[in-house]
Structures are given as C-alpha cells and as structure tokens.
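Working notes for the structure below.
Every number here is computed from the coordinates shown, using simple stated rules; none is lab data. On a predicted model such as this, the values are computed, not experimentally measured, just so you know. Every residue, glycine as well, gets a Cβ built from its backbone with ideal geometry; the counts of neighbours run over all protein chains shown.
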Amino acid sequence: MNKILIILFLSFGNLFNVINYGIAEENKVRIGLLVPLTGDNARIGKQILKATRLALKDIGSDKLEIFPRDTKSDPKKTLLSANELRDLGINLIIGPVFYENLIYLDEIENLIFLSFTNKTLDLPKNVISTGINSTSQLNAIKKFIKNNDINKTIFLTPNLNYDLEIKKGIKESKIKTFKKYFYNIEPTKLTKQIEEITNYEIRKQNLIDEITRLENSDDPNKDKKIKNLEKRYTIGNVNFDSVIIADFDESLKSVITSLLYTDVSPKDKYFITFNQWFDESLLVETASQPIYYPSINKNNLDRFKNKFSKQFNEETNHLSLLSYDLVGLVYYLSLKNKVSEINKVFKAKNSFKGKIGIFEIENNKINHKLNFYKIEDGIIKEIF
C-alpha cells in the first residue's frame with residue numbers, strides 16, 4: 001500500500017509540528033540552495049534564501065543546515081556551484097529557479113535538484129520540477145468543469161514556448177475539451193482569429209438581417225425592438241459554454257477583450273484561465289468578470305506574506321512560499337529516510353501537505369492539489 005506522508009501545519013507559530021515517529025536523527029540534514037544572489041534576479045534569490053531561513057526557524061531543529069550558492073541566473077555558474085555543493089557531500093539541492101539554468105545539470109551524478117520551474121518537458125533526469133505545472137492546474141479546472149456540468153469547453157492557447165507543456169497537461173489530466181485553438185498574440189491577428197472561432201461575421205450579419213426585417217415589417221413595436229437590437233453586436237449563440245484561456249497578464253486581457261468585442265460575455269459563458277497568482281489588476285477589469293482560475297491557497301499565501309514582511313520588513317513573492325514548503329518537505333522526508341536515499345521517495349507515491357497546498361509526489365514528479373477561485377464584482381472568492 002502506498003504511504004501517504006503528510007505534515008499538518010497547525011499554525012505559523014508551530015508550523016512544522018511533526019508527529020514523532022521514534023526515528024532519531026543521526027546526522028545533519030544538509031541541503032544545498034541554488035538561487036541567483038547576484039545579477040538581475042538577485043532580489044528573487046535573496047527572498048528565497050530568507051524564506052528558507054524562516055522555515056529553519058519554524059522547524060526549530062539544529063539538525064538541518066542550508067548551504068546557499070549563487071547561480072547568477074547563468075547555466076555555467078549554476079553548474080559550478082552545484083559541483084561545489086556536491087564536493088561538500090550534499091545530495092539534495094533546492095533550486096535552481098529558472099528552467100534555462102538546468103541545461104548542464106545532467107552532467108552531475110548523485111545529486112537531486114528540486115527546481116522551482118513549472119516546466120516538465122525535457123528535464124534532466126536528476127531534476128524534479130516543483131512549480132505549479134499545467135497538469136496541476138488542469139486537474140483543478142477539470143474538477144470545476146465537472147462540478148458545474150459544463151459540457152462544451154474550448155481551449156485557447158497562445159503560440160508561445162509553453163504550448164507543448166499545455167498539450168502535455170491536457171493529456172495527463174485527461175480533461176475533455178470540445179475544440180482546441182492556438183492563437184497569435186499580435187492584437188490584429190488575435191482579433192481576427194477570435195472572430196473566426198466565435199462565428200462573429202455570421203452572427204453580426206444575423207443582427208443586420210433582423211433589423212432590416214423589422215424595418216420592413218408591420219410590427220407595431222418595431223421601433224422599440226430595433227432600438228434594443230442596435231445596442232447589440234450580434235444575434236445568435238456560440239457553440240460552447242466555457243472557454244479556457246491559457247494565458248497571463250496583458251495577453252490574457254487582450255484575449256478577453258477580443259471575446260467581448262465578438263459579443264461573448266463572461267456573464268453567459270464561463271471564462272476560465274490558468275493560475276494568475278491573484279493578480280490585483282484583474283480586480284478592476286469588471287467587464288471581464290466573473291473569471292475563474294486555479295491557484296495555491298490564498299489565505300496561506302497572505303499569512304506567509306504577512307509573516308515574511310514582519311520578519312524582514314519587505315514584501316515577498318510566491319516562490320518564497322514554495323521554497324519555505326520545500327525545506328519542510330525535505331526535513332520531513334529525512335525523518336523517514338536517509339538524505340542520500342530521498343531519490344527513492346520521489347519515485348514512490350506520496351503526499352505532503354504544505355502551506356502552498358498538497359504536494360503529490362510520484363515518478364520523480366511533483367503535482368499540486370490546488371484551490372479554485374472566482375473574481376466577481378472586484379472580489380476574489382474561493383470556490384473550493
């Protein structure tokens with residue numbers, strides 16, 4: 001029977017209150033940390049380092065040690081730092097942060113890297129992706145679709161460098177979609193594609209024809225009806241009840257704007273997107289609401305941000321919370337296994353409950369069991 005490994009985080013004051021399994025720590029648990037401490041991304045790396053130190057404080061064990069090394073966000077420097085950590089006898093490393101810094105790591109034997117990337121394709125065999133990947137997000141979207149009896153979902157994906165990740169996520173999550181489209185993010189081309197997807201020209205012509213018919217009719221209420229029709233862009237429905245938009249930031253807003261322009265409203269159809277990390281700019285986009293997306297637990301993220309702010313007098317990012325949880329994950333697993341054998345744990349089926357959510361571990365891969373949220377009337381509401 002597969003073992004389910006779970007830490008219950010009871011409070012931030014006693015965050016890692018681990019059940020005593022009667023297994024004494026015989027050696028120090030030594031964890032490497034590969035993050036950018038200099039260069040353009042130094043602020044991210046330094047915040048991650050602070051979060052790991054915060055985790056050490058909350059764990060409260062003098063058996064756990066973190067050895068940070070700089071990557072400079074450079075693959076060659078990452079390799080040099082990884083070799084340095086290996087020479088110190090370290091077997092497990094949290095990091096690197098960016099996918100681009102993984103390319104040389106398969107040259108190193110007897111090391112496992114828990115990378116912050118959410119990409120899962122073409123990873124070196126000794127790298128485990130710990131970010132919020134497409135499969136995790138689509139699993140949550142699939143649950144939402146099932147709960148709301150949604151039957152015809154179209155899937156919109158930009159022609160960017162993560163489209164293969166989306167295809168993999170669709171396959172692994174087994175989410176059912178009615179049709180899939182890949183679009184060009186250039187605004188003019190995007191609008192044209194959305195018009196084609198929504199049969200905009202036909203529906204627009206339907207409106208023109210109906211106004212003409214009324215104008216030539218003897219309907220006593222035709223003036224009122226025509227006036228109401230002139231407020232619309234189209235007549236006729238689209239052949240889907242929900243749309244998943246695998247996009248972010250301004251590009252996401254461009255897609256939604258194009259849908260609104262073609263008379264497809266979130267008031268009538270479900271607008272679902274990927275994890276937006278609670279982007280506050282979406283709160284003011286009232287015409288785009290309601291909009292739905294999966295994400296980590298917002299309450300936990302907010303509490304962690306407050307805790308981090310009080311400790312270090314600065315705001316932090318979601319990667320810091322992930323690093324905080326990864327330290328707890330490694331510590332807990334080390335209570336049951338030798339650090340040198342933790343690679344075996346990642347091949348088995350296990351679960352770990354962190355503040356970011358539940359880590360589901362299997363076959364050298366980590367998926368996350370995510371919450372689901374709705375933005376409506378300028379407010380973020382939790383669905384599950």
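Some points to look at:
- Hull-based mean projected area of the range 27-72, where the convex hull spans the alpha carbons, in square nanometres: 2.9
- When only alpha carbons of the range 275-384 are considered, Rg and Dmax amount to 16.7, 54 Å.
- Pair-distance profile P(r), taking every C-alpha pair of the range 77-174, with 10 angstrom steps and integer %: 14, 38, 24, 16, 6, 1
- D_trans [Stokes-Einstein, Kirkwood Rh over alpha-carbon pairs] for the chain, 20 °C, 1.002 mPa s, µm² s⁻¹: 93
- CD proxy at 222 nm, helix term only [per DSSP H run n ≥ 4: -39500 (n - 2.57); per residue of the chain; nearest 500]: -12000 deg cm²/dmol
- Sorting the segments 316-323, 140-147, 36-43 by their mean number of nearby beta carbons within 10 angstrom, highest to lowest, gives 316-323, 140-147, 36-43.
- With Cα atoms, 0 to 90° folded angle of helix 318-336 axis to the chain main axis: 40
- Links that overshoot a 29 Å alpha carbon limit, given the list 125/171; 76/310; 224/253; 76/125: 76/310; 224/253
- Between the range 303-336 and the range 54-91, the alpha-carbon center distance in angstrom: 16
- Dipole size of the chain about its Cα centre, with +1 on Lys/Arg Cβ and -1 on Asp/Glu Cβ: approximately 1080 debye, rounded to the nearest 20.
- Computing FRET efficiency as 1/(1 + (r/R0)^6) for residue 212 and residue 267, where r is the C-beta to C-beta distance and R0 is 30 Å, gives about 0.60.
- Against the main long axis of the alpha-carbon atoms of the chain, helix 187-197 sits at an angle near 70°.
- Taking 22 Å as the limit for the C-alpha separation, the pairs 119/365; 146/353; 146/174 exceed it in the case of 146/353.
- Hydrodynamic estimate: the Kirkwood radius of the range 324-364 over Cα pairs, inserted into Stokes-Einstein at 4 °C and 1.567 mPa s, corresponds to D of 125 µm²/s.
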